[in-house]
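The values are calculated or read from the model by the stated rules, or taken from the named source; none is laboratory data. Everything quoted here is computed from the prediction, not taken from an experiment. Ideal geometry is used to build each Cβ from the backbone, glycine not excepted, and the neighbour counts take in all protein chains shown.
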Amino acid sequence: MILLTFNIISIEAETQKGFEISNEERLQITQSNTRAILRILDIHDIKASFFVEISIIEKLKDLLKAISAQGHEIAFYHQNSSLERVELVKHSIQDVLEKNIRGIRYKNNSFTLQELKQSGFNYVSAIDHADILFPFKRLKKSPEIIEEDGVSIIPESISPYSQLPYNDFVFQVLPMKYYQNMVFETLKKDDFVMIYLDSWQFTDVNKHHFKIPFHRKWNLGKKMEDKLESFLSWINEKEMATSRVKDYIF
């Protein structure tokens, strides 16, 4: 099973000297990028899970409705919000969507599983930092989903052969043929592969004059859209099963 997921976050990069971009403009870029993702998913009739950063989610209510109406899952991406803030936003968004928010994703968690369970979350997706060195470290992690305190903990997927994680950076830089082979071989051994991409990767960084490190500039913007198109076409051609995270867990 392929669990395709997207982190909806504002691009935090600085702009080049002589250019400025407001928080509102950054939010508009995030919305535009997300709608591009939705268009591609709709073309290939594939459902995904969208992990939306808590600090901006209430500003994206129309976008959330569009995501939900297309049949995708909405979950939370936690960076630095307090538990009280998370609970308030969760109730607010659930009222807007008339659906429960079941999942939360984080890199550095500051909450216990018991706190998350009491806040109404059923699963946690823990991911690591994708800097220039981390994506190519050989790691060994259990691919099994475990349950603690009534919360399912989904590990970051890692190829059992190359030991590369299925994070945003690896998808961005690997040749598509190699990436496809990695997914295919992983699914021979593991029950699922969870892939995640970041919405900022679909940004035309040159148009908006963002300063992006050289190692992160490759395949951004339209090239990222084309790469996602190619990957989803391959999934359908091979008749590979996909699922929203919450459906797979429950």
Could you please let me know if ILE74 is crowded, with 21+ Cβ neighbours inside 10 Å, touching a His at 6+ places or on another chain (Cβ under 8 Å) and at pLDDT 95 or above? no
Quick count over the range 27-52, residues being without any contact (Cβ under 8 Å) to a residue 60 or more places away in the chain and buried (at least 20 other Cβ atoms within 10 Å of the Cβ), is 2
Scanning the range 171-180 for residues that are surrounded by fewer than 21 Cβ atoms within 10 Å (Cβ to Cβ) and either closer than 30 Å to PHE111 by Cβ or of a type in the set (D, E, K, R) (or both) gives LYS177
How many residues of the range 206-235 are crowded, with 17+ Cβ neighbours inside 10 Å, over 21 Å from LYS47 (Cα atoms) and either in contact with a Pro (Cβ under 9 Å, 6 or more places away or on another chain) or of a type in the set (D, E, K, R) (or both)? The answer is 1
**Asked** Can ASP226 be described as outside any loop (DSSP other than H, G, I, E, B) and on the phi < 0 side of the Ramachandran plot?
**Response** yes
Considering residues that are acidic (Asp, Glu), over 30 Å from ARG26 (Cβ atoms) and surrounded by 14 or more Cβ atoms within 10 Å (Cβ to Cβ), the number found within the range 181-205 is 2
Of the residues in the range 6-21 that are in a strand (DSSP E or B) and at pLDDT 90 or above, the one that is surrounded by the most Cβ atoms within 10 Å (Cβ to Cβ) is PHE6
For the range 160-169 the number of residues that are surrounded by 20 or more Cβ atoms within 10 Å (Cβ to Cβ) and more than 13 Å from the chain's Cα centre (by Cα) is 2
Only unsatisfied item for TYR161, checking (1) out of contact with any Gly (no Cβ under 9 Å at 6 or more places or on another chain); (2) part of a helix (DSSP H, G or I), is (2)
Across the range 232-247, the tally of residues that are among the basic types (Lys, Arg) and either outside any loop (DSSP other than H, G, I, E, B) or farther than 20 Å from ILE37 by Cα (or both) stands at 2
Restricting the range 129-156 to residues that are of a type in the set (Gly, Ala, Ser), farther than 26 Å from ILE212 by Cα and assigned to a loop (DSSP other than H, G, I, E, B), the one modelled with the lowest pLDDT turns out to be SER142
Conditions (1) assigned to a helix (DSSP H, G or I); (2) at pLDDT 95 or above -> LYS188 fails only (2)
